[in-house]
Amino acid sequence: METLKLNNGVEIPSIGLGVWKMDDATLAYKAIRFALDLGYRHIDTAMIYKNEEVVGKAIKDSGIAREEIFLTTKLWNDDQRSGKVTEAINASLKRLNTEYVDLYLVHWPVKETYISVWEKMEKVYQDGKTKAIGVSNYQPYHLDELLQKTEIVPSVNQIECYPYLSQEAVITYCKGKGIHPEAWGPLGAGKTDILTNPIMQGIAKNHNKSTAQVALRWNLQRGVIIIPKSVHENRLSENFSIADFSLTAEEMKQINRLDKNMRLGPHPDNFDF
Ligand code: NAD
């Protein structure tokens, strides 16, 4: 399993399992156990996904040492607004049945609090409740202000990113500041035709791989961490088997050209939750 080094030296596996919308506890438990057996060592959850208990139980029951698994959870917007960051992470740790997480992310840049919340995130980090802190859905202007006004540079910015939304500018910005880009929705969240796009199909055929594997490989080769979600065993295996091929420079360019700035989730400047 390839790992990348975050700006504080912590290692993060470049492929993780996203667990949003794994609402059915039995299905989620089975999927996570299967993924861990396959070799996944990185799980991305959030308070708002309402499945931290299942994630914690699947990790415990897997018998894999806690320190071998990279676990991310996120601070929800209401807890950001109320300022109860320590309380929020304590509650997440309790549900996850663990002493620490590996990465704690501010889920969305809430206009009124995205700077003030960071000092509380720094405290949570200094208290050892998480090995790294980061943000999600932040635009360069949010980060510029954060870097000017606060101490610790976020380790990660998790953003929506797949071939129709390449996020080149945000990714270049983050890399320049030592903030690792991470892609949510790397397969287009099952909401677009990206996986049946003829260019993607042509490239997949060249490598005898699926279009999903090509979409994931493209981000990986640009140095972007990916956290695809599936509960199906064949897809969990497929999404994890992308280390044995490389896209050519020309194929990377072909995929880059598919960008049409097409968001499937809300814009970070315009969300209502
Ligand atoms: P995704 O791009 O990972 O797409 C998942 C969907 O793609 C599945 O439900 C399934 O329909 C399909 N799929 C999965 N594997 C496939 C395969 N091999 N072949 C064909 N289809 C396949 O979308 P996502 O779940 O929205 O994003 C991944 C993770 O990112 C989430 O589970 C969550 O952990 C995280 N996330 C974070 C934010 C944020 O605001 N930070 C927002 C959304 C999601």
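The values are calculated or read from the model by the stated rules, or taken from the named source; none is laboratory data. Keep in mind it's a predicted model, so treat the numbers as computed, not measured. All Cβ positions, even for glycine, are placed from backbone atoms using ideal geometry, and neighbour counts span all protein chains on display.
Residues in region 45-61 that are of a type in the set (Asp, Glu) and touching a Leu at 6+ places or on another chain (Cβ under 7 Å): Glu52 alone. Can you say whether Leu146 is more than 14 Å from the ligand (Cβ to nearest atom), assigned to a helix (DSSP H, G or I) and over 18 Å from Thr45 (Cα atoms), as far as the supplied structure shows? Yes: the conditions hold for Leu146. Considering each of Val156, Val106 in turn, give the residue that is in contact with an Asp or Glu (Cβ under 8 Å, 6 or more places away or on another chain) and under 27 Å from Arg222 (Cβ atoms). The conditions single out Val156. Of the residues making up region 2-25, at least one is assigned to a helix (DSSP H, G or I) and surrounded by fewer than 21 Cβ atoms within 10 Å (Cβ to Cβ).
Summed over region 166-191, residues that are under 20 Å from Leu17 (Cα atoms) and not acidic (Asp, Glu) total 11. Among the candidates Glu160, Glu151, Glu145, the residue that is touching a Phe, Trp or Tyr at 6+ places or on another chain (Cβ under 9 Å), crowded, with 18+ Cβ neighbours inside 10 Å and not β-branched (Val, Ile, Thr) is uniquely Glu160. On the stretch given as region 130-142, residues that are surrounded by fewer than 20 Cβ atoms within 10 Å (Cβ to Cβ) and of a type in the set (Lys, Arg) total 0. Pairs linking a residue in region 66-79 that is farther than 17 Å from Gly39 by Cβ and part of a loop (DSSP other than H, G, I, E, B) to a residue that is hydrophobic (A, V, I, L, M, F, W, C) and at pLDDT 95 or above, with Cβ atoms under 6 Å and 6 or more positions apart or on different chains, are Trp76/Met47; Trp76/Ile48. Residue pairs whose Cβ atoms lie under 8 Å apart, separated by 6 or more positions or on different chains, with the first residue in region 153-171 and outside any loop (DSSP other than H, G, I, E, B) and the second of a type in the set (Asp, Glu) and crowded, with 23+ Cβ neighbours inside 10 Å, are Val156/Glu182; Asn157/Glu182; Gln158/Asp44; Gln158/Glu182; Ile159/Glu182.
For the condition within 30 Å of Val54 (Cα to Cα) and touching a Pro at 6+ places or on another chain (Cβ under 7 Å), what is the one hit in Val231, Val224?
Going through Val231, Val224 in turn, just one is within 30 Å of Val54 (Cα to Cα) and touching a Pro at 6+ places or on another chain (Cβ under 7 Å): Val224.
In region 252-273, the residues that are closer than 10 Å to Glu160 by Cβ and of a type in the set (D, E, K, R) form Cβ pairs under 8 Å with partners that are surrounded by 13 or more Cβ atoms within 10 Å (Cβ to Cβ) and at pLDDT 95 or above, at six or more places apart or across chains, as follows: Arg263/Glu160; Arg263/Leu165. Answer with yes or no whether Ala183 is within 15 Å of the chain's Cα centre (by Cα), crowded, with 21+ Cβ neighbours inside 10 Å, small (Gly, Ala, Ser) and outside any loop (DSSP other than H, G, I, E, B). Yes, satisfied. Show the residue pairs meeting these rules: Cβ distance below 9 Å; 6+ apart or different chains; first residue within region 195-211 and over 13 Å from Glu251 (Cβ atoms) and modelled with pLDDT of 95 or more; second residue in a helix (DSSP H, G or I) and among the acidic types (Asp, Glu). Matching pairs, first to second residue: Ser210/Glu238.
If only residues of region 186-235 that are of a type in the set (Ser, Thr, Tyr) and surrounded by 15 or more Cβ atoms within 10 Å (Cβ to Cβ) are counted, the one that is nearest to the ligand (Cβ to nearest atom) is Ser230.
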